[in-house]
Structures are given as structure tokens and as C-alpha cells.
Amino acid sequence: MRVLHRYLGFFLAGIMAVYALSGIVMIFRDTDFLKQETIMEKTLAPGLAGEALGREMRIREFKADREEGDLVFFKGGQYNKATGDAKWTTKQLPAGIEKLTKMHKATSKSPLFFLNIFFGISLLFFVISAFFMFAVKSPMFKKGIYYTIAGIVLTLIMLFV
């Protein structure tokens, strides 16, 4: 068990580092932390309004500020209802970091979901195999149980308080 735990740990060290970094970056996804401004220009279907326009541009909580003739102005851009031309600015993570966060958020539709399942099962193996690293009657095992209980209690407090 120790040998398997050790070599799987070494194998997964790089993946764990990537998940840790992308997880930290994802905490700040509702801010502009590390994001760069990008100018987007796209020709959309003419005559869009409200939610349909926001959906086409992939802008959450889209709200038009004002309209002047065929032009619709909104935070960071404008849309021409007659021609469908839209120009707006977005803030995006740099390409490499964006790929890491997409990997972290992979769903069953993504080819990366196998990596996420493998990683999750491997972490579960680490949890279980840690209890086989020491004899049950040893002081280290008993301390380990206390730390495990403390971790569970802290998690429950953070979830429900």
C-alpha cells in the first residue's frame, strides 16, 4: 500500500499542482484578477434585443443602457440593430490560464472529464490508503484519526455556518 501510495503520489504531483493553481484562480473568477481586456467584433443577426442579444454575445446579466436610432449601447460596447454589427470589450484570462480553468471545470461533454474522474478516484485512494500507512494501535494512527476528525469538523463548520 505504501509503495502504491508513494508512486501514485509522485505521478499525480504535477496534476495536483495544476489543479491547485487553477482552483485558486477560479476563486477570483467574479473579479478582474489576471484578466486582460479584449475587443470583440462580431456580426450577429439583425434586430436582436434584450436577453437574446446578451446570449449571442455571451454576456451574463446583459442590460442595454440606451438606444439611439439603430444603435443599442450597453456597458462596454454597442450593437447596430439594422446591420447586426456588434463591438464590445470583454475581460478574459490569458490563454494558458483559461485552458487550466476549463480543465478544472470539465463536464461529461468534455474529453478531459476522464482526467477529472481519474484524479478524483486517485484522491479518494490517497484518503483511504493513508489509514493503512500506520498500525492501528500506533500513536501516529491515533493522531491521524484526531486530525481527520478535525478536518471533517472544520469542513462542516465552513459549509453550514
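At-a-glance table
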| quantity | calculated |
| --- | --- |
| Those residues of segment 49-70 which are of a type in the set (A, V, I, L, M) and either touching a helix residue (DSSP H, G or I) at 6+ places or on another chain (Cβ under 6 Å) or not in a loop (DSSP other than H, G, I, E, B) (or both), in sequence order | Ala52, Leu53, Met57, Ala64 |
| Residue under evaluation Pro111, criteria (1) surrounded by 13 or more Cβ atoms within 10 Å (Cβ to Cβ); (2) part of a loop (DSSP other than H, G, I, E, B), criterion not met | (1) |
| Qualifying residue in segment 83-103 (condition: more than 30 Å from Ser22 (Cα to Cα), assigned to a loop (DSSP other than H, G, I, E, B) and touching a strand residue (DSSP E or B) at 6+ places or on another chain (Cβ under 8 Å)) | yes |
| Test: residue in segment 118-138 that is β-branched (Val, Ile, Thr) and within 18 Å of Ala20 (Cα to Cα) | yes |
| Every residue from segment 1-29 that is modelled with pLDDT of 90 or more and in a loop (DSSP other than H, G, I, E, B) | Phe28 |
| Unique match (being over 27 Å from Phe11 (Cβ atoms), outside any loop (DSSP other than H, G, I, E, B) and without any contact (Cβ under 8 Å) to a residue 12 or more places away in the chain) among Phe73, Phe118 | Phe73 |
| Some residue of segment 30-41 being without any contact (Cβ under 8 Å) to a residue 60 or more places away in the chain, farther than 20 Å from Lys91 by Cα and not assigned by TED's automatic domain parsing to the domain that holds Thr101 | no |
| All positions within segment 37-48 that are assigned to a loop (DSSP other than H, G, I, E, B) and over 10 Å from Tyr79 (Cα atoms) | Ala45 |
| Residues (surrounded by 13 or more Cβ atoms within 10 Å (Cβ to Cβ) and over 19 Å from the mean Cα position of the chain (by Cα)) located in segment 114-131 | Ser122, Phe125, Phe126, Ser129, Ala130, Phe131 |
| Filter result for Gly76 (out of contact with any Lys or Arg (no Cβ under 7 Å at 6 or more places or on another chain), at pLDDT below 95 and not charged (D, E, K, R)) | yes |
| Selected residue [closer than 22 Å to Arg60 by Cβ, charged (D, E, K, R) and free of Cβ contacts under 8 Å to residues at least 12 places away in the same chain] from Lys109, Lys137, Lys87, Lys142 | Lys109 |
| Contacts under 6 angstrom Cβ, first residue in segment 1-26 being farther than 19 Å from Gln92 by Cα, partner not in a helix (DSSP H, G or I), 6 or more apart | Met1/Phe132 |
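The values are calculated or read from the model by the stated rules, or taken from the named source; none is laboratory data. Just so you know, these numbers come straight off a predicted model, no measurement behind them. All Cβ positions, even for glycine, are placed from backbone atoms using ideal geometry, and neighbour counts span all protein chains on display.
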